[in-house]
Amino acid sequence: MKKISDDIAHALDKCAEALSINELSRVTGVRIELLRRFITRKTRHVRGETWDRIYPVLRPYLASAEPPPEKPPIRIGRAYRRHPDLVEMFSDQKILLDAFDVLPDNGKKNLVDELLREAAESRPTAYTALSPVENQLMGRFLQLDAEGRKRLLERMLEMATAEVRERRKQLF
């Protein structure tokens, strides 16, 4: 729904004067009665599909044309993954996975190898939503005590933040 502002009503009136209301109706495919209601402001809102038909004809008569729709921001990293395994995880586990996901592939492998060398025995988790490397990381993370988890998470966030900053520099 688009609200009919004074600017739009004035532009409709100018357009109807320039083309005639019959011609405007024929070009846009909108009924004459409905166009009259818009011009006289008896109707305060225009449905989306009706606005889409009127706007191209009306654009030259508007004092301020609508800005083009904005492009979505550039995404760095994957979009949110929805999976029952992931829903059941703790916040720290989800943050760890998001930070890990931002790292380049060789950085991921090096980090997991380093963590596995530190651990005497490390068993990967069996989450179906995670890759084998992510399961290895999560297995090691869950074996750590609370202080170790905190340190690992802080380290991962520093690495991920540095990577995102570097990628942004390359984009802009």
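What the phi angles of the range 157-165 give under the Karplus curve with 6.51, -1.76 and 1.60, with θ = phi - 60°, is a coupling list of 5, 5, 5, 5, 5, 4, 5, 5, 4 Hz, glycine and proline written as x. Across the cross-link table entries 94/169; 71/108; 109/169; 94/150; 71/169; 14/42, which are compared at the Cα atoms, the separations over 22 Å belong to 94/169; 71/108; 109/169.
Short to long, the 5 Å bins of the Cα pair-distance histogram for the chain hold 1, 7, 13, 14, 9, 5, 4, 4, 5, 7, 8, 8, 7, 5, 3, 1, 0 percent of all pairs. Its alpha carbons considered, the range 78-168 gives a radius of gyration followed by a Dmax of 12.6, 38 Å.
Once the Cα-Cα distance is subtracted from the 0.36 nm per residue extended length, the residue 110 to residue 19 segment shows a gain of 25.8 nm.
Give me the number: length gained by fully extending residue 80 to residue 53, i.e. 0.36 nm times residue separation minus the C-alpha to C-alpha distance, one decimal in nm.
Working: separation 27, 0.36 × 27 = 9.72 nm, distance 3.60 nm.
Going from the current span to full extension adds 6.1 nm.
When the chain is fully extended, how far beyond the present Cα-Cα distance does residue 143 get from residue 168, taking 0.36 nm per residue of separation? Can you show the working numbers first?
Values: separation 25, 0.36 × 25 = 9.00 nm, distance 3.40 nm.
Length gained between residue 143 and residue 168: 5.6 nm.
Inter-part distance, the range 133-151 to the range 46-117, computed on C-alpha centroids, equals 27 Å. Per-residue Karplus couplings for the range 46-59, computed as 6.51 cos²θ - 1.76 cosθ + 1.60 with θ equal to phi - 60°, are listed in order as 10, 5, x, 5, 5, 4, 4, 7, 7, 4, x, 6, 7, 3 Hz, Gly and Pro entered as x. Candidates 137, 54, 115 compared by Cα position along the dipole of the chain: farthest toward the positive end lies 54, with charges placed on Cβ. With coordinates expressed along the principal axes, the C-alpha atoms belonging to the range 1-41 extend over 23, 20, 14 Å, beginning with the largest.
A short reminder: the numbers here are calculations on the coordinates, not readings from a lab. What you see is a predicted model, and the numbers here were worked out from it, not measured in a lab. Ideal geometry is used to build each Cβ from the backbone, glycine not excepted, and the neighbour counts take in all protein chains shown.
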